[in-house]
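I have placed the structure first, in the form of structure tokens, so that the comments after it can refer back to it.
Readers should treat all values here as calculations from the given coordinates under stated rules, not as data from a laboratory. Because the structure is a prediction, the values reported are computed rather than measured. A quick note on method: Cβ atoms are made from the backbone with ideal geometry, for glycine too, and the neighbour counts reach across all protein chains shown.
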Amino acid sequence: MRTSLQLVRIMGIPVKLHVTFLMVLPLFAWLFAQQPRPFGFVEIKDAFLRYSVATVATILLFTSVLLHELSHSAVAMRYGTKINSIVLFIFGGIAMMEEIPKEPKQEARIAFAGPAASFAIGGVCLALYYLTDISIYLPLELLVLNVGYLNVALAAFNLIPAFPMDGGRILRATLARKYSFLAATKKAAFIGKAFAIAMALVGILNPWLILIAFIIYVGASEEETATLIHAALEGLKVKHVMSGEVLEAVPPELSLTELVDLMFWGRRLGYLVADESGVCGFVSFADVSRVPVDRRPLLKVRDVMTPLPRISEDEDAINALREMLRHHTNRLAVFGEDGFKGIIKKADILKFVELASAAASSRSKGGSNGV
Ligand SMILES: [Zn+2]
């Protein structure tokens, strides 16, 4: 399902709106308009004018979030990171970066660029409001005031020291000067989770605080897992992680009844599918069992098989995981210079990550005891 809509390209980066952002826009405008005195300073009595100002304020809020993300992206691009897209969703924006630098100074600068931009925009607006005579035109005054405070709030919120907030990355980068990247991530994730629990306890009666606390908790855990996977697969190629399992192949023209017979007599639940041009898919008992028994003689292997995307045996193992995610599949066909080599499964990679992580934590526990 497509959940976001592409708007424009800025600095070569596609800017997308997530469906939750589209839902929240009218809600924000309505909430704004419901308050005749948004910050208790001024009042708009005319309802039409109030709704117009609210709509413009909402669009400016969206622009502020976009500028925040563009600021992260500009610094990241300077360090050679590719930005795939910027997505705006209900809780703000996210810049989808290909590979965030692990060099602590660079990560900290990329993370700080967003809140810095928000502080700058907020500062300029508030200076305009408090230092100049902008109050001659009420709607403009209201807009400047709203956008000013919203940007300061955006910067402050993002500096919360927990993943997935920018503050969490700054914290990790600070810790990474003293500890390894993996250890720094674990410590930062722990602080983030503790922060989330404290936030949920403080805001026990406020559903918004509990929701934000929940998002922080999940974000901290996800970042920890992603870093663990990255660290475990560092330097490994597909050929090091793929399973050595030898699979038999069946033709795509085989009927499902024949396939079930083959599975029964061959005691195998999965077969590669290969035609004249080579391996093209994978078929498992799970694929067949979805077809009602009376329909099986009518269907062939090619009707139910899962296509196998290809990957080179010399590709980084982490890219195999990315390819699986991209194609929504758990298996890839591995090819070397002299043709088909075998398959790589998500389970193979995750088992490997689990082992590497267990080995790393037993090593670091040994270290802390001075053994
Ligand atoms: Zn940010």
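Rg/Rh, computed from the Cα trace of the chain with Rh as the Kirkwood radius, has the value 1.09.
State to the nearest 20 debye the size of the charge dipole of the range 238-353 about its Cα centre, where the only charges are +1 on K and R beta carbons and -1 on D and E beta carbons.
Dipole magnitude for the range 238-353 comes out near 520 debye.
Rounded to the nearest 20, the size of the Cβ-charge dipole of the chain about its Cα centre is 820 debye, with Lys and Arg at +1 and Asp and Glu at -1. Charge tally around Val238: other residues with Cβ under 13 Å, Lys/Arg +1 each, Asp/Glu -1 each, net +2.
Kirkwood analysis of the range 102-256, using all unique Cα-Cα pairs, places the hydrodynamic radius at 19.0 Å.
Scanning the chain for helices, which whole DSSP H stretches are 27 Å or more long along the axis (Cα) and average 1.0 or more by Kyte-Doolittle?
Those that clear 27 Å and a mean of 1.0 are 47-78, 138-158, 181-202, 207-233.
Give the percent of DSSP beta bridges with both residues in the range 1-159 that are antiparallel, rounded to the nearest 5. Approximately 80 percent, going by the DSSP bridge assignments.
Here the Debye sum runs over all C-alpha atoms of the range 1-159 as equal scatterers in vacuum, and log10 of I(q)/I(0) at q = 0.09, 0.12 Å⁻¹ comes out as -0.33, -0.58.
Amide H to amide H distances under 5 Å link Ile10 with Val15, where only residues 5 or more positions off or on other chains count and H is placed in the peptide plane. Listed from fewest to most Cβ neighbours within 10 Å, the set Val241, Val75 follows the order Val75, Val241. The calculated 222 nm mean residue ellipticity attributable to helices in the chain amounts to -19000 deg cm²/dmol, summing -39500 (n - 2.57) over DSSP H runs of n ≥ 4 and dividing by all residues.
Quick one: net charge of Asn158's neighbours, Cβ under 14 Å, K/R +1, D/E -1?
Charge balance near Asn158 sits at -1.
Of all beta bridges that DSSP places with both ends in the range 238-353, some 75 percent have antiparallel geometry. Quick check: net charge around Leu272, other residues with Cβ under 15 Å of its Cβ, Lys/Arg +1 and Asp/Glu -1? Summing Lys and Arg as +1 and Asp and Glu as -1 gives 0.
Under the convention that each Lys and Arg Cβ holds +1 and each Asp and Glu Cβ holds -1, the size of the dipole of the range 1-159 around its Cα centre is about 320 debye. Would the range 238-353 count as rounded, prolate or oblate if I go by the C-alpha gyration tensor, calling it rounded below 1.5 in a/c and otherwise prolate when a/b exceeds b/c, oblate otherwise? Verdict is prolate for the range 238-353.
Checking the Cα-Cα distances for Lys237/Lys345; Lys102/Lys178; Lys105/Lys239 against a 22 Å cut-off, the pairs over it are Lys105/Lys239.
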